[in-house]
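The values are calculated or read from the model by the stated rules, or taken from the named source; none is laboratory data. Source: prediction; values computed, not measured. All Cβ positions, even for glycine, are placed from backbone atoms using ideal geometry, and neighbour counts span all protein chains on display. Surface areas here come from the heavy atoms of the whole protein model, side chains and all, with no ligands, DNA or RNA. Shrake-Rupley method; radii C 1.70, N 1.55, O 1.52, S 1.80 Å.
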Amino acid sequence: MLAFLYGLSLVEATPVYRETVAVTAALLALYGAGLVRLVPAASSAILGEEPHLKREGERTFRRYGTRELFKLFLIVLLVRLLEFPLTYIVHYAMFGYTGTFFEIQRLWLDFYHPETAFPLYGYLSDVFWIFTVNFNHARFIGSYFFTSLAVVALYYLVQLDFDRKVARRAVRYFLLLPFSLTLMGTVPDGLFLLVAILTLLFIRKKWFPAASGFAMLAVLTHALGVLLFVPLLFGYLSFLIGNVRANRGTEKGYIFKQILTVLSLLLVPLGAGLVMLYGNLRFGDALSLHRSAFGTDGAGLSGLFRFTDAAFLETRTVGGNALAVLFGAYVSQFAYLLFALVMLLLAADTVPSSFALLMAVTIPITSVTGRMQDTAGFITITAPFVITFAAKIKNRWIDALVTVLLFGAWIAYFFAFIAGFTG
């Protein structure tokens, strides 16, 4: 089916360069391989046998308290705040004195655009106006606060299936992913990451009404929120089939509980409806926010073709800052896409199948909606990718090497962002 769709797309939107055909075909083949590996794992999960739970000795059952999580929250918040002076130092080194310390920080303010932002982040971050008496500053504080809580939630989620070492690696890798620095800006990504991880957490704990509630909040926060319905539905169906096989339907009140749970799943489409209502009331167009989030510059694989063509066109451009733009705006996106595809290949027996399904539906979103320029951002705030990555790196020397490479990439992207080479 993928091969057929690819061939049809080649006919309808033929790429300009042969290299584009080769690269996109390789990416599609890698994605297909990931889906093939996912099928038996998902089938086992439906039957109540999650492959990732068979790794005895890797899970931790030691309790961890509020003090440990609070300490992590403060560390992440401090790291975020240290990026403020780093921004000024790098900007001063590149361009000299062009403004005061606080004027330079407006680099991070331009991320928020009310006409394209989903409603929840704007309203929740405005609460911090009480402390700042400035809505821009309030959104800064909201972004840092939600991001720090999201990292704590990530740490908690990873420890359900792995030990502390894997949880710490997941946190470290996430913070060092180059595009995680954009969470410094006034973006809803930190809040979305928080509610998305909480959704996955409650799916993992089989508390589906709570998972549905957080999934609805994710829908109100970011365009990717609706994708959480896939792991939510899969997790519930696996749970229900497991109950049927165990003859648990005879318990008192069982049918009533399941009816309530099924009704709770409707919170996700309800969230989508509320976003459309918000768009209609504020902008006179129910689909305005979704349209701005995903764009209209090429549906299907044509979006991937156009972006790849643009990258190869950039390689043929000489002079100016063409090389910096190529790496900042194009190569970085392809690197993230390749990373995501490799993680999908490895996810089948590493993370819960519901998590792997979320990865599988997130990857094509960037191409079928024509938003390849958002690939890195989408992958960064989809937690199962970094969880899979952290779980697979077990050797301490390889871990050290990966940490150094990620830190170098983070620094390089930080310079490229301030220089304006990231698109």
Give the residue that is farthest from the chain's Cα centre (by Cα), with candidates limited to residues of region 206-245 that are open to solvent by 10 Å² or more (accessible area, probe 1.4 Å) and without any contact (Cβ under 8 Å) to a residue 24 or more places away in the chain. V244
Residue that is open to solvent by 40 Å² or more (accessible area, probe 1.4 Å), at pLDDT below 90 and part of a helix (DSSP H, G or I), where the choices are S43, S9: S43
Going residue by residue through region 410-418, is there one that turns out to be out of contact with any strand residue (DSSP E or B) (no Cβ under 9 Å at 6 or more places or on another chain), part of a helix (DSSP H, G or I), under 15 Å from L35 (Cα atoms) and at pLDDT 90 or above? no
Please tell me if T14 is modelled with pLDDT of 85 or more, among the polar types (S, T, N, Q) and in a helix (DSSP H, G or I). no
Residue that is least open to solvent (accessible area, probe 1.4 Å), among those in region 363-409 that are among the basic types (K, R) and assigned to a helix (DSSP H, G or I): K392
